[in-house]
1. Considering every residue within the range 176-186, establish whether at least one is within 17 Å of Asp243 (Cβ to Cβ), assigned to a loop (DSSP other than H, G, I, E, B) and of a type outside the set (Phe, Trp, Tyr).
2. How many residues are of a type in the set (Asp, Glu) and at pLDDT below 80 when one looks only at the range 26-49?
3. Six or more apart or on different chains, Cβ under 7 Å: which pairs go from a residue in the range 183-212 that's on the phi < 0 side of the Ramachandran plot and free of Cβ contacts under 8 Å to residues at least 12 places away in the same chain to one that's among the polar types (S, T, N, Q) and open to solvent by 70 Å² or more (accessible area, probe 1.4 Å)? Could you list them?
4. Kindly check whether there is at least one residue in the range 56-63 that is at pLDDT below 70 and assigned to a helix (DSSP H, G or I).
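The values are calculated or read from the model by the stated rules, or taken from the named source; none is laboratory data. This structure is a prediction, so every number in the text was calculated from the model and none was measured. Cβ placement follows ideal geometry from the backbone for every residue including glycine, while neighbour counts extend to all protein chains displayed. Accessible surface is based on the protein model in full, side chains and every heavy atom, while ligands, DNA and RNA are left aside. Shrake-Rupley method; radii C 1.70, N 1.55, O 1.52, S 1.80 Å.
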Amino acid sequence: MDTPMSHSEYEELAAGYVLGALEPDDEHVFQQHLGGCAICEANVRELEAVVGELAYAVPPVDPPDTLWAGIRREIRPEAARRGARPAVAPGTRAGGRGLRLLPGLVAAAAILLVVVLSLWNLNLRDQNAVYRDRVAALERATQLANDPNASLITLDNQGGSRAAQATVIASSLKDRGVLLVENLPPLQRGRVYELWGVPGGKFEEAQKALVFVPLRRGVQTLEFEVPIQPGTVFAITDEPGPDGSPKPTTAPLLTGKPATA
């Protein structure tokens, strides 16, 4: 006679139930329990919501080949061990309660698939967040460009890549600005670029405005906040990553100061 399931075992079956990966017997037992258990009903609703969100979180795309290769790598060792195990009498379970081996492998593969797709979708969500941030920065740049109190400051090349270009749109009233930059030289490993606000051009008083890694191509638009005075100079230096330096440690690659009236 089988030992009655504990409630924690029912909770463990919830994920397999949502994924449709339980054995018929276990599914029937769980459904009977589900009808009278508010905790498991809530767990199932939450899991169904998560699976539904994953399905529509990003536009549909084909999973990469590495996904299927990873699942096959997880299943093959288990299948090999299954072939080496001694047979058990029909209708009995080896070692007492537990999922039968083959459906267990199916459930494991299904859960692995959900986990991998979850991480993959989260990565795509992160990429979408980056794109949204870029759009927001472009909108902010447009707003500042139309602000009569904002200054447009071109940063001149100081001996780095001749193709590098940078412009700062700065508002001294709001102590905020936007950096537009492209074609910066590639960084060495463990290095970052840093934008500085330099009061009156005095580099010993430079204040950190922004730390960033350049795009490989295209114009990069980045928002920043730093105290801005009418005579504030802006400069970009190459600093140790990932957080940059409290003060400039290298000569500026690009510098620019506001035009005098």
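1. no
2. Qualifying residue count, the range 26-49: 2.
3. From residues that are on the phi < 0 side of the Ramachandran plot and free of Cβ contacts under 8 Å to residues at least 12 places away in the same chain, there are no pairs.
4. Scanning the range 56-63, I find at least one residue that is at pLDDT below 70 and assigned to a helix (DSSP H, G or I), so the answer is yes.
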